[in-house]
Amino acid sequence: MTETTRSSPMTRRLAAGMLAAALAGCASMAPPTQTPELPVPDAWPQGAQAGNGMQASALPWQAYFTDPVLQQLIRTALDNNRDLRIAALRVEEARAAFQIQRSDQFPTVGLSGQSARARVPGDLNPAGQAVVGGEHRAEVGVMSWELDLWGRVRSLHDAALEQWLATEEGRRAVELSLITQVAEGYLGVRELDERIALARRTVDSREESLRIFSRRHALGATSRLDLQQVEILLTQAQSLLAQLEQARATQVYALGLLLGAHPGPLPESVPFDEATVLAPLSPGLPSDLLTARPDIIAAEHRLRASNANIGAARAAFFPRIALTGSFGSASAELDGLFASGSRAWTFMPTLSLPIFDGGQRRANLDLAEVRSHIAVAEYERSVQTAFREVSDALSAYRWLAQQRDVQRTALSATAERARLVQLRYEHGSAAYFEVLDALRDLLVAEQQMVQTRRALLSSQVALYAALGGGTSATTH
């Protein structure tokens, strides 16, 4: 088979020029991403300080949560928690979507083979005789490769990449939230353990008092009223103990949901104290949140993605040029498919530009611009939320520390009052209702002291999360 056509120099130059333009790429039509100014003050509220310490973002959770039991619980949660697993799969989903979009930047090259024979009847042939013919082809070709002259494909690539990065930051935010939730759940269990221990000690003491008063009443040494008052004190302590046991069971079940497995029996530990459980933190400046908080970083990536979508929508108003071509061998006979002179090629550039689409492209551009405005607002909201969370945690730490000191003094005074009233009663200088009142106040003061210490620890956990704890640390 002889070659019937040859490419002209003009055709070759046109193809080479289009290919060079595609390989060189063009500037995107997306607007430049400009993050808005911080919609928050440049400094934290006056007096809201947490003392000197490390930057939370540079402090891995292993270095911040120093309790070995809590560290093991956090590791279990990171391995088993379903929400974190879903977040990780979302990242893989976004990565795959990005790779699909990225593939549009490159030509799709494929191999094809074709073999056909046909018989044409004589009444359909000008010669009046039946003809049997065939065609055999083997080619490698490019299938409709768009020349991204206006940056449409590049903009869609950038949008998919930013969405992937935003999803990854979302996973980091879920991980940080999970770590702090486990810490909160663990502190809740430890608080209830200490309150239960106080309640049990109170129940044991009042059971002994009831036994003593019952013997005194039987001997006529005390009144029925005093016996009933002692019994009331005991039932109040027993009721509180039952409530605390029920609250602990609920807390353990909630902790198990976070861990993805039942935590099992937690080992006994010494009463918790903020100086031995958590490391000190430095809040830094509000501007540090922009590079520390995963949710703010994710919002910025979504803002960039929305701008890239604007570029793709703008590029849709310009002509779309695509290349389709193939090169190979063709012959009328199969045994001549790769013979000399059987070379065959096709080159087919196409240009398309919708003239009327009912306003679809205009609406797509409007939609992209509105979504960009939404992304800006979401970014600003993320910054404001972060500022509030840090301010709240700093304020809570400051005032809860003062409450702890005041309640420590109050507890000491309440315990001394109960001791003195008991002595007065034993010497006949006070009625038993005074003892009853003092013991009630003592139990309340003990319980409140534990609750305040736990709340102070919770404020430190909240501060660690609000400052983007461990986001720039290398350990996981």
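Observations on the model:
- Whole-percent carbon and sulfur share, accessible surface of the chain, 1.4 Å: 57
- Under a 5 Å amide H cut-off, with hydrogens placed 1.01 Å from N, Gly470 pairs with Ser57, Ala58, Leu59 among residues at least 5 apart or on other chains.
- Accessible surface ranking for Ser326, Ser395, Ser155, Ser412, 1.4 angstrom probe, highest first: Ser412, Ser395, Ser326, Ser155.
- Sorted largest first by accessible area at a 1.4 angstrom probe radius, with every protein chain in place, the residues Asp335, Asp405 fall in the order Asp335, Asp405.
- Two-decimal log10 I(q)/I(0) for the stretch 285-347, as the Debye equation yields it once each C-alpha is a single scatterer, q = 0.15 Å⁻¹: -0.69
- Per residue accessible area of the stretch 385-476, 1.4 Å probe, in Å²: 49
- For the peptides 140-151, 203-214, 172-183, 356-367, residues were scored by their other Cβ atoms within 10 Å and the scores averaged per peptide; the highest-first order is 172-183, 140-151, 203-214, 356-367.
- In the stretch 36-148, the alpha-carbon atoms span a convex hull of 315 Å³ per residue.
- Amide H contacts under 5 Å for Leu147: Ile321, Ala322, Leu323, restricted to partners 5 or more places along the chain or on a different chain, H placed in the peptide plane at 1.01 Å from N.
- Per residue accessible area of the stretch 139-225, 1.4 Å probe, in Å²: 46
- CD proxy at 222 nm, helix term only [per DSSP H run n ≥ 4: -39500 (n - 2.57); per residue of the chain; nearest 500]: -21500 deg cm²/dmol
- With all projection directions averaged, the alpha carbon convex hull of the stretch 105-211 covers 18.8 nm².
- Annotation: amide H of Ser282 within the under-5 Å range of Gly53, Met54, Gln55, Ala56, sequence separation 5 or more or interchain, hydrogens built in the peptide plane.
- Cα-Cα separations in the stretch 361-476 greater than 25 Å, expressed as whole percent: 57
- In degrees, nearest ten, helix 152-218 long axis to first principal axis of the chain (Cα): 20
- On Cα atoms only, tilt of 82-103 relative to the major axis of the chain in degrees: 20
- Taking Cα atoms only, the orientation of helix 224-259 departs from the longest principal axis of the chain by about 20 degrees.
- Integer Hz, Karplus 6.51/-1.76/1.60 couplings in order for the stretch 336-346, x for Gly and Pro: x, 4, 10, 6, 4, x, 8, 4, 9, 8, 9
- At the residue level, Met449 shows approximately 20 square angstrom of accessible surface with a 1.4 angstrom probe and all protein chains present.
- Ordered by solvent-accessible area of protein heavy atoms (1.4 Å probe), largest first, the residues Thr291, Thr250, Thr414 come out as Thr291, Thr250, Thr414.
The values are calculated or read from the model by the stated rules, or taken from the named source; none is laboratory data. Not measured: the values here are computed from a predicted model. When we count neighbours, we look across all protein chains shown, and the Cβ atoms used for this are built from the backbone with ideal geometry, even at glycine. The protein model used for the area step is the full one, side chains on, heavy atoms only, and it has no ligands, DNA or RNA in it. Shrake-Rupley method; radii C 1.70, N 1.55, O 1.52, S 1.80 Å.
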